[in-house]
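In what follows, a single structure is set out as C-alpha cells and then discussed.
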Amino acid sequence: MLEAQHVTVRRGTKVLLADASLAIVPGKLTAIIGPNGAGKSTLLRVMAGELRPSEGAVSLDGRDIRDIPVARLATRRSVVAQSTNLSFPFTVLEVVMLGAIVPGFGVKDPEAAAAARDALAAVGLRTLENRMLHELSGGERQRVHIARALCQLHTAPRRPGETAALLLDEPTASLDLKHQDGVLTVVKEQSQSGRAVMLVIHDLNLAAAFADEVVLMADGRIVGRGTPDEVLNDDLLSHTFGCRLRIVASGDGRRLVLPAAIARRARTGAAAG
Amino acid sequence: MTIADSKLKSATVTPSRPSRSSVFIALTALLFFVALLSLAIGPTGISLHALPRALAAYLGYASDSAAERDRLVLIDLRLPRTLLAAFVGAALATSGAMMQGLFRNPLADPGLIGVSSGAALAAIATIVLGHGIAASLIWPLGIYALPLAAFVGGLITTLILVAIAGRHGQLAVGTLLLAGIAVGALAGSISGFIAYASDDRELRDLTLWSMGSLSGASWQKVFAVTPFALAIGLIIPRLTRGLNGFLLGEAEALHLGIDTEQIKRLTIATTAAAVGAAVAVAGVIGFVGLVVPHVMRLISGPDNRIVLPGSALLGAILVMVADMIARMAVRPAELPIGIVLALIGAPVFLHLVLRRGMGGWE
C-alpha cells in the first residue's frame, strides 16, 4: 500500500497541498479528480517520491519512502509523467527498454527487449517498435511511455507481498476517444492484476467508468472521496468546479457528468427533434 | 501477468543499428591503425622502419647517431604527442557526450558551462602576467605553470558554478547551464581584455593557445594526464545507465531508480577534470566535444552505453588525425590544431546534418 499521511507541500508562502491523506491500495484503481490547480499532480509527485513533503510523510508498505533508496523504490513504483520529451533519436523499443535497464535490476538486454515488446503489445503498439519515437503521434507517444512504466514494473525484482504501484498523470489528456478507452483498459487491467494504481485524470466520466475509488481535490485539499457514485454528485462537483454541473443517467444506467448548460441544451435539442 | 510469458525470436535491439561489440571492435582497430600512422608520419621523414633501431637506442643497445636521432623523434617526440592527442580527443569527446546527456541538449559542449573558458583565462593570464608582475610567482613552476594554471582555472570555474546552481542542496541543471554561459562569457571578456593589453609576442602565444596545439607534447605531460585518463575511464561505466535515464528527463530518471544528484555531481566533476586536463596540455580545442558524440549517435543511436565509450575512441582518432595534418600541412611549421579540426570537421558535420535531417533533435 502506498500511503500519504497528512502531507503538506509549500513552495515559498504558497500552499500547494494541504494536509492530504490518501492510500493507494493494491488491486484498486484510485482516480484523482479536481479542477486545474487543485494539487492533483503535486500529490502524485509527492507519492512518487519526486517531491519532498514540507510536512507529513509518504510510506510504501509501512516504510517511509525517504528511507527507501531510489533504486529500490523504482522496483516498486513506476510513473507516467504528464509529458515526457526526448531530445535524442530513440526508437520506440529503446524507450520502452529504458524501463528495464535500471541500475540494480540486473536485467540483460535480450530480457529487457522481450519485456519491452510485451509491454508494447499490451498498449497496442507492438508493430511500431522500430519506428523513431519523434515520428509518432502524441497519443502513440503517450502509450509508449505507459509501456515503459509497465516494462519497469514487470522486470523489477520484487519480493512476494511487496506493493507494485503505477502512478499516471493525465495519461489520456492527448488521446482520442478510442485510445482513451484503450489506455484506461490497460490501466484497469493493471489494478485488476493486483497493482496499486493512482490515476490523475480530468475527465470525470472516464474516472467514473474506470475507477474503484475517486478522490476529489480542490485548492490543495482532498474534499471528497469514495466510490464514483458517492463522489460524483451534483452539489459537491458544482461547488468544487465552480460551475453548475448535472449528473445524468446514461442508457445503461451509468452516471454522466455534464455542465448544466450543455445538459439543458441537449435536452431541449432532443425535445425539439 | 500477461507480460510474463512471451517467447522472443531475436534479441537484437534495432536491426538498422550495428551491435555494440562491432562498433567497439571497429573503432579500436581504427584507433590502433591511426596511432601507428601518427607514429610513422612527421616532417623529418623518419618512418616506422626506424622503430626497432629507436627501441634499441632507448634500451641502450645502440648508441650511434642515427639510432639516437630515431629514438628522439619516435620515442621522445611522436609517441608522447600521439598519446596526448588520443587523451585530449577522448577527454573532450566524452565530456561533450556527458554534458549533452546531462543537459538533454545535443548542442551542449564542455565549453558551454564555461569550464574551457575558465581554464583558458587562467592560461592566458599566466602567459601575459608571466612576463611581468607575476613572474617571480610563476617562475618556480617552470614548464608546469601553464598546464597547472589551466587546470586550476577550469576547476575554480566549476566550483563557482556548483556554488551558484547548488544553493538549495540540489543542482539545478537549468541554472547551471545559464550560469555557465554567463561565467564563460565573463572569462572570455577578461581574456579578451588581457589579450588587448598584451604585446605582439605575447599575442602570438595567446593565439596559439586559444586555437590549440600539441606541439609542446612531452612525456612529462603524458604522465601528468595519466591519472586523469584512468579516473575518467573508471567513472564512465558508472555513468552510462544513469545518463540514459536523464535522456527522458530528470524526474523520469528519478522514477527509474537513478540517483540523479549523484549522477549530476559525478558528471560535472568528471567533465571539469577532463576538460581542465585537456586544455592544460593542448590549449583550447573546440568542436570535438560537440561533433564526436553527434557522429556516434548517428552510427549507433543515443544509448550512452555505446555513445560514451565510443566517443572516447572516436574523439581520440579524430584528434590524432587532425594533429597529423597540423604537423604536416605547412611543414616544417605547424598549424594550430583547432584550425584543422574546424576545417575537416565542420563540412563533415554539415554533411551529416543535411543527409540525416535533424534526426529528431528538434
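The distance separating the Cα centre of the range B:101-122 from that of the range A:1-23 comes to 39 Å. Put simply, the Cα atoms of chain B extend 78, 49, 38 Å along their principal axes, the longest span coming first.
Here the range A:2-232 is assigned +1 on the Cβ of each Lys and Arg and -1 on the Cβ of each Asp and Glu. Its dipole about the Cα centre then comes out at about 480 debye. For the protein assembly as shown, the fraction of C-alpha pairs farther apart than 50 angstrom is 25 percent. Which one, A:Ala23, A:Cys151, A:Leu2, projects farthest toward the positive side of the charge dipole computed for the protein assembly as shown from Cβ point charges (K/R +1, D/E -1)? Of the listed residues, the answer is A:Cys151. With N counted as the residues of the range A:2-232, its alpha-carbon radius of gyration over 2.2 N^0.38 Å works out to 0.98. GNM, chain B, Cα, under 10 Å: largest mean-square fluctuation among B:Ala54, B:Ala273, B:Ala66? Sorting by GNM fluctuation, first place goes to B:Ala66. Dipole magnitude for chain B: about 800 debye, using +1 per Lys or Arg Cβ and -1 per Asp or Glu Cβ, origin at the Cα centre. Backbone amide hydrogens, once placed in the peptide plane, bring B:Glu334 within less than 5 Å of nothing, excluding anything fewer than 5 places away on its chain.
The distance linking the range B:177-222 with the range A:169-239 is 60 Å (Cα centroid to Cα centroid, whole angstrom). In the structure displayed, which of A:Lys28/B:Lys264; A:Lys14/B:Lys264; A:Lys40/A:Lys178; A:Lys40/A:Lys188; A:Lys14/A:Lys188 lie more than 27 Å apart, Cα to Cα? Correct reply: A:Lys28/B:Lys264; A:Lys14/B:Lys264; A:Lys14/A:Lys188. Calculated translational diffusion coefficient of the range B:227-362 (20 °C, 1.002 mPa s; Stokes-Einstein with Kirkwood radius over alpha-carbon pairs) equals 130 µm²/s. Largest GNM mean-square fluctuation across B:Leu148, B:Leu55, B:Leu298, computed for chain B with C-alpha springs under 10 Å, falls on B:Leu55. A dipole drawn for the protein assembly as shown from +1 and -1 charges on Cβ atoms has a positive end, and of B:Ile339, A:Ala263, B:Leu318 the residue lying farthest that way is A:Ala263. Each Lys and Arg Cβ is given +1 and each Asp and Glu Cβ -1; about its Cα centre, the protein assembly as shown then shows a dipole of about 580 debye.
Running a GNM on chain B with Cα contacts under 10 Å, which residue among B:Met98, B:Met320, B:Met211 ends up with the highest mean-square fluctuation? Largest GNM mean-square fluctuation: B:Met211.
Does the range B:70-132 classify as rounded, prolate or oblate by the C-alpha gyration tensor (a ≥ b ≥ c root eigenvalues; a/c under 1.5 gives rounded; else a/b over b/c gives prolate, otherwise oblate)? It is oblate, given that a/c is not under 1.5 and a/b is not larger than b/c. Here's the picture: charge each Lys and Arg Cβ at +1 and each Asp and Glu Cβ at -1 in the range B:82-356, and of B:Ser213, B:Ala179, B:Met328 the one pushed furthest to the positive end of that dipole is B:Met328. For A:Lys108, go through the aspartates and glutamates and keep the ones whose alpha-carbon is under 14 Å away, minus same-chain ones fewer than eight residues off. Straight-line reach from A:Lys108, under 14 Å: A:Glu94.
Every number here is computed from the coordinates shown, using simple stated rules; none is lab data. Source: prediction; values computed, not measured. Backbone-built Cβ (ideal geometry, glycine too); neighbour counts: all protein chains shown.
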